[in-house]
Amino acid sequence: MSSGHAMQSKVGNPQVYSDGDQRPTIADERAEVERMKSEMAAGQKNAHDIHDPKDSRNLHQRAQQEEILERQQEREERARTVTDPLEPATSHGNKPSRGAEIDAELQREDEEMLAKKGR
């Protein structure tokens, strides 16, 4: 029989059983936290590409995201719409239609009325 002294407690060199070299220090943990914060702030490359094949979202979630993007694009297009009814025709070098001229006249009248009321 072999003597099992090494397996018993309080026998042998306690440094052999210490796991201190395998545990991260507080400085290591802080460095890891800072690294993670910087990665999260910068974001992953192509993280917002809705057509990324490696994305873990299902088809329903992708469809919802595409609808949201379409609505945003429509809002941006509406924000860029022309407020002058004569502008589209004149920008193309054409004479504005009678309807566009009437719309411009009505718009001017409305603006004058609002200016008198003091907006």
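The values are calculated or read from the model by the stated rules, or taken from the named source; none is laboratory data. Nothing here was measured: the structure is a model prediction, and the numbers come from that model. Here the Cβ is made from the backbone with ideal geometry for all residues, glycine too, and neighbour counts use every protein chain on show.
Structural remarks
- When Ala6, Ala27 are checked against the criterion of being modelled with pLDDT under 80 and part of a helix (DSSP H, G or I), a single residue qualifies: Ala6.
- Filter result for Pro53 (assigned to a helix (DSSP H, G or I) and at pLDDT below 85): no
- Ala100 in contact with a helix residue (DSSP H, G or I) (Cβ under 7 Å, 6 or more places away or on another chain), in a helix (DSSP H, G or I) and surrounded by 10 or more Cβ atoms within 10 Å (Cβ to Cβ): yes
- Residues that are at pLDDT 80 or above and either of a type in the set (Val, Ile, Thr) or in a loop (DSSP other than H, G, I, E, B) (or both), drawn from the stretch 59-90: Ile68, Asp84, Pro85, Leu86, Thr90
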